[in-house]
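Notes to accompany the following structure.
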Amino acid sequence: KNDTIKIVFLPNEANESLKKSRDEFANIIQKATGKKVEIITTTDYNITVENIVSGQAQITYIGAEAYLKARERSKDIEAVLTNAGESGTLKDSLYYSFIAVRSEDAAKYKTGNNFDLKKLKGKTIGFVTNSSTSGFKIPGKIIADEFGIKNTDELIEPNKVFSKVVFGASHPGTQALLFKGDVDVATFAIPKSFTIYELTAGKDFNSGATYRVRKGAVAPFGDYAGKSFTVIKSIPVYNGAIVFNIRTLAKEDQEKIKKALMSKSTTDNPHIFSDKNSKVRGLFLKENPNVGFVETNTAWYEGMK
C-alpha cells in the first residue's frame, strides 16, 4: 500500500475558487491517517477516472454514471460515501441535470405553453464530456428517448439529431459555451450551493427556471455577468460518490478516512459543507445543519439504472 495518499479532483472542483476546499479535504485525510496527502487536479473527466481505476490515485469524488462505468472496469473501485440530502439519508441525496438554452431564445423551444425537446432537432449542443453523468449520460438518455435513439453515443454523430456537438470539458466550461453563443443548447449541472447565479423566474431546479449570472461571479463566469439561461428540462440525478481504490488504499486507512469524513468537524467545516447563505463556497451544500456525508454502496447506485 502507498505511503502517500493521492486525491484526484474532477475539473468542476479544480478551479482556483475551490483551492481552500481541496486543501481542507486533504488535511482531514492527512490528520486521520498520518500519511502524506497529494492533490491531483485535472482538466478532463476521463483522466480523473483513469487515475482512480489504475490506482494512481486512491480517492476521488465522481458522478454516479462515471462510477458505475469505472466499477465495470475494476472491482477495486468502491463507492463508500455520498453527500446526504436534507433528510440526512440517501432518499433525497440528489442534484439536478439541466438541458438549457439562452433565456432570450427560450420561447423558440416551446409548443404551446410547454417546452418541446423535439425543437432541439438540427441545433448545436454543448455536452460536458461523454463520461459525465449529469453533463451527458442522463440528459443524453432523455434526448435519445425523445428521438427514438437506443444508444446515447449516437447523439455525438453529426446530423443524427444535432448539426454540431461540442464538449466543454467541465460544467462551467459548457455553460460558457452557451453564453458565448458557441452552441444553441447545453447540458450541465450547477451545484445547489452555487453563488454564481440568481434565480429570476420559475422554481429552483425545475424546468422553466431562469438563472442570471451575478456581478462579480468567479471565473469563468465574471465575463458573462447579466447573461441568463432557462432550463427546458430538469432531471434529478443521484449525488456523486466518494470512491476508494481498495487495492491501493490500506484497509485501516479506509476506515480512518470514512470516520473522519463523517465526523461533526467535517460536517461543520464550511470549506467542505457550506449552506446557501455562506460567504464561503464549500465542495458540497449543507442542506441541513446536522447533515454531511452518509454511507453508500454500489447497490444504491445500481438502482439508478
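Report, in listed order, any pair from K6/K31; K137/K233; K256/K279; K75/K137; K31/K256 with a Cα-Cα distance greater than 20 Å.
Cα-Cα > 20 Å for K256/K279; K75/K137; rest within.
Quick one: accessible area per residue over region 1-104, 1.4 Å probe, rounded to a whole number of Å²?
Per residue, region 1-104 has 42 Å² of solvent-accessible surface.
Tabulate in residue order the Karplus-calculated ³J(HN,Hα) for region 39-50, using 6.51 cos²θ - 1.76 cosθ + 1.60 with θ = phi - 60°, rounded to whole Hz; enter x for Gly and Pro.
9, 10, 10, 10, 10, 8, 4, 5, 5, 4, 5, 4
State, to one decimal in nm, how far the label point of A219 lies from the label point of S74, with both points 7 Å from Cα in the Cβ direction.
3.2
What dipole magnitude, in Debye to the nearest 20, does the chain give about its Cα centre under +1 on Lys/Arg Cβ and -1 on Asp/Glu Cβ?
300
Which percent, nearest 5, of DSSP beta bridges in the chain are antiparallel?
The antiparallel fraction comes to roughly 70 percent.
Tell me which of L261, T195, T296 sits at the most positive position along the dipole axis of the chain, charges placed on C-beta atoms (Lys, Arg +1; Asp, Glu -1).
Farthest towards the positive end: T195.
Only bridges with both residues in region 1-116 count here: give the DSSP antiparallel percent, nearest 5.
Bridges in region 1-116 are about 20 percent antiparallel.
Show which aspartates and glutamates lie in cross-link reach of K123 when reach means a straight Cα distance below 16 angstrom and same-chain residues fewer than eight apart are skipped.
E104, D105, E146, E154, E157, D182, D184
Which of the aspartates and glutamates could be linked to K19 by a straight reach, that is with a Cα gap under 17 Å, when you skip same-chain ones fewer than 8 residues away?
Partners found: E38.
Return one whole number: the accessible area per residue of region 160-232 in Å², for a 1.4 Å probe.
Computed with neighbouring chains in place, this is 39 Å² per residue.
For region 29-142, which whole percent of the accessible surface, found with a 1.4 angstrom probe, sits on carbon and sulfur atoms? It would help to have the intermediate numbers written out before the result.
Details: 2220 of 4800 Å².
Carbon with sulfur: 46 percent of the solvent-accessible area.
How many Å² of accessible area per residue for region 254-303, probe 1.4 Å?
Each residue of region 254-303 exposes 53 Å² on average to a 1.4 Å probe.
If you keep only loop residues by DSSP, which chymotrypsin sites (Phe, Trp or Tyr not before Pro) in region 120-160 have at most 15 other Cβ atoms within 10 Å of their Cβ?
Passing both the DSSP loop test and the Cβ count: F147.
The values are calculated or read from the model by the stated rules, or taken from the named source; none is laboratory data. Note that the coordinates shown come from a computational prediction; the quantities given were computed from them, not determined experimentally. Neighbour counts run over all protein chains shown; Cβ positions are idealised from the backbone, glycine included. Calculation scope for accessible area: heavy atoms of the full protein, side chains included, ligands and nucleic acids excluded. Shrake-Rupley method; radii C 1.70, N 1.55, O 1.52, S 1.80 Å.
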